Amino acid sequence: MNSDFFFTLQSGEQIPIIIETRHGVRNVTLRPKTMPKKEIHVTKPWSTSTKFVLNFVESKQKWIEKIFNSVPSKEHVKPGDTVEFFGRNVLLKHDENIRSNKYLNTDKTTLCIGGGADMFERRVRDFIKSELLEEIKIIIKTTPREYWPKHISLRDTTSRWGSCSSTGNMSFSWRLAFAPYEVMRYVVMHELSHTKHMDHSPEFWATVSQLYGFGVERAKRWLAKNGQSLHKYF
Ligand SMILES: [Zn+2]
């Protein structure tokens, strides 16, 4: 979508304002979007002028700044970098002569990535994803079989850490790999509990506590406070 209007952040960065006129809406609504692109989406009634909309956006300046400033810019990873995943600081190395990626030590703190240099980042990501999938499966197997999903997949969603469909398919954000292990385990138990309760009723939370054990509130607080930082890489 093209935009003729921009909102300028204090940093100088220009955020496109996308205005959509809609039948049946009564108010101007403003949605700053940070993913996949930074944009400000506005819907307005036919009767509202563009000038009014732009003034309205301007009046929300503080709020808009706060939202865009809370999004870290993506960090790229390269050989020699240390990346924290599964609670470990892992040093990344590159060796184009090896075919498969492997840890160079038993405490899994040095990871050697094989293949061409141009594929390095992609292979780091794929490696982390496949490890996360294995970890999730291990966690699931600690629960009674009645909670097990039919299928699990990983996604790169920004709004949800996990989801569970009524047909027993479960998906998780691959970025949970960057969270502390216990936080990732909480998200898994949360979704598994949805196989019994599709809501967030007291019965649902009782099931979460039963599966997870003590510390549910702490894991929730961690995600609320630090969740955004899990998006910093790639
Ligand atoms: Zn839920």
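Numbers at a glance
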| item | result |
| --- | --- |
| The chain - percent relative contact order, Cα under 8 Å, separation 6 or more | 14 |
| Of all accessible heavy-atom area on segment 82-234, the percent that carbon and sulfur account for (1.4 Å) | 49 |
| Modelled FRET efficiency - R0 30 Å, E134 with K37, Cβ distances, 0.05 increments | 0.40 |
| Surface share of carbon and sulfur [accessible, 1.4 angstrom probe, percent] for segment 5-69 | 52 |
| Shape of segment 109-234, Cα gyration tensor, a/c cut at 1.5 | prolate |
| Alpha-carbon centroid distance for the pair segment 194-234 / segment 14-49, whole angstrom | 32 |
| Debye intensity ratio in log₁₀ form over the Cα atoms of segment 5-69, taken at each q of 0.26 Å⁻¹ | -1.16 |
| Straight-distance crosslink candidates among aspartates and glutamates, where the alpha carbon sits under 19 Å from K51 and sequence neighbours closer than 8 are dropped | D4, E20, E39 |
| Antiparallel bridges, percent of DSSP beta bridges restricted to segment 107-234 (to nearest 5) | 40 |
| Normalised contact order of segment 5-69, rounded percent, pairs of Cα under 8 Å and 6 or more residues apart | 29 |
| Shape category assigned to the chain from the gyration tensor of Cα positions, a/c cut at 1.5 | oblate |
| Antiparallel bridge percentage (DSSP; both residues within the chain; nearest 5) | 55 |
| Sites H76 and K51 - FRET efficiency at Förster radius 35 Å, r taken between beta-carbons, to 0.05 | 0.30 |
| Per residue value of the accessible surface for the chain (all protein chains in place, 1.4 Å probe), Å² | 59 |
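The values are calculated or read from the model by the stated rules, or taken from the named source; none is laboratory data. From a predicted model like this one, the values you see are computed outputs, not experimental measurements. Cβ sites come from the backbone with ideal geometry, for glycine too, and all protein chains shown count toward neighbours. Only protein heavy atoms, including side chains, enter the accessible area calculation; ligands, DNA and RNA are left aside. Shrake-Rupley method; radii C 1.70, N 1.55, O 1.52, S 1.80 Å.
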